[in-house]
Amino acid sequence: MEHRAASLRPFIGARDFEVSRSFYHDLGFEEVVLSPGFSLFKINNLAFYLQDSYVKDWIDNTMLFLEVDDVGRYWNELLALDLQNKYEGVKLTPIRVEHWGKECFLHDPSGILWHFGQFSQTR
């Protein structure tokens, strides 16, 4: 099978759609409203769909990994946004060093877990 894929866009839900929209704007994503309760959030060629839908089991098991060029810089930028004080339920977990590289974590206002990682040069 030959893939000629152009993008991969996961769908994520939101407990409070308006709060999640604001949160992702603060993270620097550009929003494209597709219909009421349904938006595309993108940075460059990376994107995901946010929908006004909340199923606890689904949200509690949703994780996204975003590869970044410098996890240390990204961590400092996350801290500077003060998201934990601005949004209820947001949780930041500091950088961990693993055998494959480094990553830090962010739970969004709905509980979705984001991994922000940087792979080692020897990957």
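At-a-glance table
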quantity	calculated
Qualifying residue in segment 81-99 (condition: under 29 Å from A5 (Cα atoms), surrounded by 12 or more Cβ atoms within 10 Å (Cβ to Cβ) and touching a strand residue (DSSP E or B) at 6+ places or on another chain (Cβ under 7 Å))	no
Segment 79-107, residues that are assigned to a strand (DSSP E or B) and either more than 27 Å from Q121 (Cα to Cα) or under 16 Å from the mean Cα position of the chain (by Cα) (or both)	K91, L92, T93, P94, I95, E103, C104, F105, L106, H107
Lone qualifier among L34, L46, L64 - being out of contact with any Asp or Glu (no Cβ under 6 Å at 6 or more places or on another chain) and open to solvent by less than 50 Å² (accessible area, probe 1.4 Å)	L64
Residue in segment 105-114 that is open to solvent by 20 Å² or more (accessible area, probe 1.4 Å), touching an Asp or Glu at 6+ places or on another chain (Cβ under 7 Å), modelled with pLDDT of 95 or more and among the aliphatic types (A, V, I, L, M) present	no
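Per-residue answers, yes or no, for (1) surrounded by 11 or more Cβ atoms within 10 Å (Cβ to Cβ); (2) touching an Asp or Glu at 6+ places or on another chain (Cβ under 9 Å); (3) on the phi > 0 side of the Ramachandran plot; (4) in contact (Cβ under 8 Å) with a residue 40 or more places away in the chain:
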| site | (1), (2), (3), (4) |
| --- | --- |
| L8 | no, no, no, no |
| D57 | no, no, no, no |
| D70 | yes, no, no, yes |
| E77 | yes, no, no, no |
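The values are calculated or read from the model by the stated rules, or taken from the named source; none is laboratory data. As the structure is a computational prediction, the values presented were derived from the model and not from experiment. Neighbour counts are summed over all protein chains in view; Cβ atoms, including those assigned to glycine, are modelled from backbone coordinates with ideal geometry. Side chains included, ligands, DNA and RNA excluded: accessible areas come from the protein's heavy atoms. Shrake-Rupley method; radii C 1.70, N 1.55, O 1.52, S 1.80 Å.
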